[in-house]
Amino acid sequence: MKRHAPAAPALAPALSKCLLTSAQAVLDVLQGRSLSDALATVPGPLRAPVQAISFHAMRRLGLVCAVRNCLVPRTPPKPLLDTLLLVSLAVLDAALYSEQAAADPSLTPLHPSVPVYAVHTVVDQAVRAASRDGLVPWKGLVNACLRRFVREHATLLPQVLKQPEALYNFPDWWIRQVRQAYPHQWQAVLQASNLPGPMVLRVNRRRTTLPALLAAFSGQGIQVTVAGGDALVLQSPRPVHDLPGFSEGWWSVQDLAAQQAALLLPVHDGQRVLDACAAPGGKTAHLLERHALELIALDSDPVRLGRVAENLERLGLSGPTVQLTCADAARLGDWWDGRPFDAILADVPCTASGVVRRHPDIRWLRRESDIAQTAALQRNLIDALWKTLRPGGHLLYATCSIFPQECELQAQAFVQRHPDAQRLQAPGQLLPLSLPGASTLATDGFFYALFVKAPEVVDNCA
């Protein structure tokens, strides 16, 4: 099988800086900061390689932590030294596997997103990285640790892979939750969640057509696959500004699972619609691309709401019938004018356990107690939103989670609390495996439940 050419030759001179910058990003995650925020401060020329290394390290963190524990009997004296070791071990493991795969065609090639460098380059550049930022006294430790891993790689890996956290690269509690929820699919779910998600686009039918966009991509030699509806899947991810039509608003990036929301919510032109928890605005835009609506996009975060405004402007969807409101959706007195909505999209806050393919840091940022906390937040939110829906109107409950407490169990409990809520047909739980009708294309983990509010009964005998 033909392997993708490694990015190492062009990046090797800066690899030491990339390793150290990635180590700082991983340290930020371990201290509670999102990887997206950590990478936002990385200088432009380093952004792509640092992101590739950091993402790979997050996806292999369980393994390299177990390896580090075997190679270094004591906790490294500096946190940055520790994460430099972890990041370097992750990149070195990929380098060693790449060498093995080149000699053994039966081995599955690494995913194209994995940063692959020569083994000696990784060791040398990691030691150089330890020569910066006050880590000089531990250069020898880094050198000895990595060289020992090279020598003992074949015997050390089978030993550490006996630990579930090292084998699946998820926290033990996460593994337990998934295994309990999906006893026949849990291993496949965890394995699929470690693969980077494809880059999926949604065609903006108000600015262009699917055939026109296909022609534009073909003209630049960009290979895409039509995935049904308004969706296109790129064969290889690219920066958005490298693709035709981004500035013109011809398309948006949105996973196929998330694109189902606008298709599932029953709306038609002229209706009053609420998109609660709207940021960053992908589902808001999709609804407006399909229908002429009186729409309120609500979000409690003013910065994220600003992204909604930017996206709608780029897509040509801003207008007098579209209102952006910054408020807590559960506090009706702060934003609701008393006019009922015909339809509500409730894409509620959750653990985001379904999008770890795209945000591999999530698994290390979350705690098991977060599940109950977000479930309680969701319950309060949808109970409040239900009051704003007219009789006969529809509410689509959505989460990017795979934990039943935030998904199916939440939907069942909602119907029990609200006798006037009737549950209609909807996909329910989508796992990061494949979506029915979409061939073998894996989607993010998502959940959808659709409810209709019973019409008010008129007492004609009064």
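Every number in this text was worked out from the coordinates using simple rules, so none of it is lab data. Model, not experiment: these values are computed from the prediction. Virtual Cβ from ideal backbone geometry, glycine too; neighbours counted across all protein chains shown.
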Quiz prompt | Neighbourhood charge, 15 Å Cβ-Cβ cut-off, centred on residue 133 and excluding it, Lys, Arg +1 and Asp, Glu -1 | solution = +3
Quiz item: Once both axes come from the Cα atoms, what is the angle between helix 119-129 and the longest principal axis of the chain, in degrees from 0 to 90, rounded to 10?
Solution: 80 degrees
Self-check item: Computed lengthening from residue 191 to residue 143, 0.36 nm per intervening residue step minus Cα-Cα distance
Solution: 14.1 nm
Practice problem: Can you tell me the alpha carbon radius of gyration of the range 198-254 divided by the globular rule-of-thumb value 2.2 N^0.38 Å? | Solution: 0.96
Practice problem: Beta carbons within 10 angstrom, averaged per residue: use that to sort the peptides 170-178, 398-406, highest first. | Solution: 398-406, 170-178
Exercise. Rank-order 380-391, 156-167 by packing density, defined as the average count of other C-beta atoms within 10 Å over each peptide's residues, highest first.
Key: 380-391, 156-167
Exercise. Please work out the Cα convex hull volume for the chain and give it in Å³ per residue.
Key: 165 Å³
Exercise. Using label points projected 7 Å from each Cα along Cα→Cβ, tell me how many nm separate residue 48 and residue 102, to one decimal.
Key: 2.2 nm
Quiz item: DSSP loop trypsin sites (Lys or Arg not before Pro) in the range 297-343 with at most 13 other Cβ atoms within 10 Å of their Cβ, which ones?
Solution: 331
Self-check item: Under Karplus coefficients 6.51, -1.76 and 1.60, residue-wise ³J(HN,Hα) of the range 318-329 in Hz, glycine/proline x
Solution: 6, x, x, 8, 10, 10, 9, 10, 9, 6, 7, 4
Quiz item: Here are some pairs, 78/162; 283/387; 17/283; which of them have Cα atoms lying more than 31 Å apart in this structure?
Solution: 17/283
Self-check item: For the range 374-413 and the range 297-314, distance of Cα centres in Å
Solution: 22 Å
Quiz prompt | C-alpha long axis of helix 172-181 to longest principal axis of the chain, angle in ° | solution = 40 degrees
Practice problem: Mind sorting 124, 328 by how few other Cβ atoms lie within 10 Å of their own Cβ, fewest first? | Solution: 328, 124
Quiz item: Cα axis of helix 15-30 to longest principal axis of the chain: angle in degrees, 0 to 90, nearest 10?
Solution: 50 degrees
